[in-house]
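The values are calculated or read from the model by the stated rules, or taken from the named source; none is laboratory data. All figures in this text were calculated on a predicted structure; none of them were measured in a lab. When we count neighbours, we look across all protein chains shown, and the Cβ atoms used for this are built from the backbone with ideal geometry, even at glycine.
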Amino acid sequence: MGLNWFDAATAKEFGTALAVFFIEKIPVNSQVVDDKQFARTTKKVLTAMTLKIIEFNKNNSLNIYKRAQLGNAFKWKLKNEGYSSAYIDDLTMWLMKQI
């Protein structure tokens, strides 16, 4: 096990970038007109994020530590933006299943 095992900088950057992408597409203070529209928009954003994750996974090998750091960076970026804890937990769980 080399020192590279603990180098999670790329994973953290990607986690933050995914959170920023989500924040740009679905801002915390966005007005939800109806649940169906929100669900459609969220589905489109999550699909786009899935494609980004697939591309990232092709070029990066993530061990358990790097996965945790990626998820943590994602979670804290959303938390700092003011999303609810339950919503953040659901999104982070979704992300971890994708990775």
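A few comments on the model shown:
- All positions within region 12-48 that are aliphatic (A, V, I, L, M) and in contact (Cβ under 8 Å) with a residue 40 or more places away in the chain: LEU18, ALA19, VAL20, ILE23, VAL28, LEU46
- Annotation: of all residues in region 13-41 being farther than 21 Å from GLY82 by Cβ and modelled with pLDDT of 95 or more, the one that is surrounded by the fewest Cβ atoms within 10 Å (Cβ to Cβ) is GLU13.
- Residues (modelled with pLDDT under 85 and either surrounded by 14 or more Cβ atoms within 10 Å (Cβ to Cβ) or of a type in the set (Gly, Ala, Ser) (or both)) located in region 1-12: GLY2
- Flag for LYS44 being of a type in the set (Lys, Arg), over 28 Å from PHE6 (Cα atoms), modelled with pLDDT of 95 or more and over 12 Å from the mean Cα position of the chain (by Cα): yes
- The residues of region 49-66 that are over 11 Å from the mean Cα position of the chain (by Cα), touching a residue at least 24 places away in the same chain (Cβ under 8 Å) and in a helix (DSSP H, G or I), listed by number, are PHE56, ASN57, TYR65, LYS66.
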